[in-house]
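A quick write-up on the structure given underneath.
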Amino acid sequence: MLSIRRTNLGGMSVASRHVMGTGIVIGALALTLIALLIPVRSFGGAGAAAAPALSPAPGSASAPADDDGTGVMNTAFGPLTPQDREFVRKVRLAGLWELPAGRQAQERGTRRSVRTAGEHLVEGHTELDRRVLEVGEALGVELPDRPSGQQQAWLDQLDRAQGPAYEGLFVQLLRRAHGKVFTLVAQVRAQTRNSVVRELATDANTTVLDHIAVLEASGLVDFEGLADSAPTAAPPGAARPAAPSPAGLSPTDPSPTDTRPRK
């Protein structure tokens, strides 16, 4: 009896070992399969598709200095870069202070050339403002609704200035501002890959050039003063820019009715 029991027990022990070995193999295969599936689902599924492929991480070395944190966005009109969005916002900002400045010049200007410059500012920025609002909506760019602090300070300076000092300040402030934005317009027009931004830059280029021309036609631009520091109203008693002579003649030219021979 003892021999039979030992034989049976020995047989059961061998079978158990086979069952345990098979279970270990199956378990190992299952763990391997799970390990292979987890990375695929974690990095190749919906999470990867949602990541913006063109957008650099904010603060990364590849992000441009003027990046607003959104990076490059794909739109129906082409890629929209941080520079593109900054340009669209600046076009809107320009209208927010140059429109009221132009209206003020139409009312307060004593020189016809200053009133004409004001008219061009109002006409140009009314149309450009309409265009930039359309562009902002089409591209999903949030636009400002009030002038910047610096622009409001310029408007306050114009409010306080009187007489010839007002006209000189108006021309100098606006000419300086247009000269600075002209560089950005040219850069965006040359570099943007977004068709809507390119069209806006083309319109802005035409408008800025027109405004520069009419401001310079006033004869009040101090080209030496077109520096980084904003111009201020001249103190009382300071020399004023000479008024343009009739018919565009310089002060040394004879009048149209002057028949005296010139030496």
Report D for the stretch 155-225 in µm² per second (integer): Stokes-Einstein, Kirkwood Rh on Cα pairs, 37 °C, 0.692 mPa s.
245 µm²/s
For the stretch 151-227, dividing by residue count, accessible area per residue (probe 1.4 Å) in Å² works out to 44 Å²
With DSSP loop assignment and no more than 12 other C-beta atoms within 10 Å, the GluC sites (Glu not before Pro) in the stretch 141-233 are Glu142
With all protein chains present, calculate the accessible area of Ser148 using a 1.4 Å probe and round the result to the nearest 10 Å².
40 Å²
Zone of Thr206's modelled label, taken as backbone nitrogen in the stretch 114-149 under 13 Å from a point 7 Å along Cα→Cβ
124-125, 127-128, 131
Tell me, what is the 1.4 Å probe accessible area of Leu128, in Å² to the nearest 10?
10 Å²
Placing +1 on each Lys and Arg Cβ and -1 on each Asp and Glu Cβ in the stretch 118-192, then taking the dipole about the Cα centre, the residue among Ser148, Leu174, Gly136 whose Cα reaches farthest towards the positive end is Leu174
How large is the translational diffusion coefficient of the stretch 68-182 in µm² per second when you combine the Kirkwood radius over alpha carbon pairs with Stokes-Einstein at 20 °C and 1.002 mPa s?
141 µm²/s
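The values are calculated or read from the model by the stated rules, or taken from the named source; none is laboratory data. A quick note: this is a predicted structure, and the numbers were derived from the prediction, not measured. Using ideal geometry, Cβ is built from the backbone for each residue, glycine included, and neighbour counts are taken over all protein chains shown. Ligands, DNA and RNA are excluded from the accessible area calculation, which covers all protein heavy atoms including side chains. Shrake-Rupley method; radii C 1.70, N 1.55, O 1.52, S 1.80 Å.
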